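What follows is a single structure, written as structure tokens, with notes after it.
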Amino acid sequence: MPGAGKTTLARSLSKAGFPVVVMGDAVREAAKYANLELNDSNLGSIMINLRKERGSGAIAHLILDNIKAIATRETPPKALVVDGIRNIEEVKVLESVGPVKLLAVHGSTFTRFEHVKSRGRTDVPTTLSDFSERDKRELYVGLSHAIALADETISNNCISIDQFCHQVLEIIERWILETKRHIK
């Protein structure tokens with residue numbers, strides 16, 4: 001869900017050496033291409049319209065070339081982080097490139113709203129009511145199904161950013177080892 005801590009984790013994992021691809025960047029690029037202001041309403045409409053026009057995996061298709069370029073580097077990374085998966089169909093698209101593990105990040109509504117407000121981005125809902133509408137939009141595109149089928153879930157309530165990031169790094173490292181064992 002928005003504000004749960006996905007971007008904080010992505011930044012932390014990037015610092016740990018994992019390349020990060022942000023699905024929301026593809027939506028923002030589509031909005032810029034359409035000469036739309038980068039606000040919550042426009043980005044939400046773009047996200048939904050892309051999926052209506054091109055299918056539920058549309059945003060994942062938009063980032064595939066970037067992922068393939070990273071995966072085929074002379075020295076490919078141990079893993080790649082995709083920030084912002086919203087539905088299982090996107091996972092299926094990404095599986096065309098390689099194994100995918102899905103981590104659901106949970107945060108209470110209040111915690112998430114506070115995180116979103118602190119971002120300073122133009123697409124931030126200004127009221128809890130607007131934030132609730134954004135949540136409904138995210139659920140509409142299938143986020144609840146992705147969360148339910150995640151390989152693992154972590155909570156971002158009542159822990160420090162360092163603890164949160166450390167726990168996720170441990171999960172990622174474990175997944176890398178498990179994936180290596182399955183590939184052999």
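The values are calculated or read from the model by the stated rules, or taken from the named source; none is laboratory data. Given the structure is predicted, the values throughout are model-derived calculations rather than measurements. Using ideal geometry, Cβ is built from the backbone for each residue, glycine included, and neighbour counts are taken over all protein chains shown.
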Which of the helices (runs of 4 or more DSSP H) contained wholly in segment 32-105 include at least 2 residues that are of a type in the set (A, V, I, L, M) and touching a Leu at 6+ places or on another chain (Cβ under 7 Å)? 58-71, 88-94
Of everything in segment 43-52, what is touching a residue at least 40 places away in the same chain (Cβ under 8 Å), of a type outside the set (G, A, S) and surrounded by 18 or more Cβ atoms within 10 Å (Cβ to Cβ)? Give them in sequence order. L43, M47, R51
Looking for whichever is of a type in the set (G, A, S) and more than 27 Å from L38 (Cβ to Cβ) here; the options are A104, A71. Which one fits? A71
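Each row is one residue, and each column tells you yes or no for (1) of a type in the set (S, T, Y); (2) loosely packed, with under 15 Cβ neighbours inside 10 Å; (3) at pLDDT below 90.
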{"position": "L102", "(1), (2), (3)": "no, no, no"}
{"position": "H115", "(1), (2), (3)": "no, no, yes"}
{"position": "L149", "(1), (2), (3)": "no, yes, no"}
{"position": "T153", "(1), (2), (3)": "yes, yes, no"}
Residues within segment 92-108 that are of a type outside the set (K, R) and touching a residue at least 60 places away in the same chain (Cβ under 8 Å), tallied: 5
Restricting to segment 56-77, count the residues that are more than 19 Å from A10 (Cα to Cα) and surrounded by fewer than 15 Cβ atoms within 10 Å (Cβ to Cβ). 5
Out of everything in segment 128-184 that is part of a helix (DSSP H, G or I), among the basic types (K, R) and free of Cβ contacts under 8 Å to residues at least 24 places away in the same chain, what residue ends up being nearest to P76 (Cα to Cα)? K180
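Evaluate segment 172-184: report whether one residue or more is at pLDDT 90 or above and touching a strand residue (DSSP E or B) at 6+ places or on another chain (Cβ under 7 Å). Explain how you work it out, then say what you get.
Here is the first cut: in segment 172-184, the ones at pLDDT 90 or above are 172-178.
With touching a strand residue (DSSP E or B) at 6+ places or on another chain (Cβ under 7 Å) added as a condition, the list becomes none.
No, there is no match, as no residue in segment 172-184 is at pLDDT 90 or above and touching a strand residue (DSSP E or B) at 6+ places or on another chain (Cβ under 7 Å).
The rows are residues; the columns are (1) closer than 24 Å to T111 by Cβ; (2) of a type outside the set (G, A, S); (3) crowded, with 20+ Cβ neighbours inside 10 Å.
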position	(1), (2), (3)
A34	no, no, no
R54	no, yes, no
A79	no, no, no
R86	yes, yes, yes
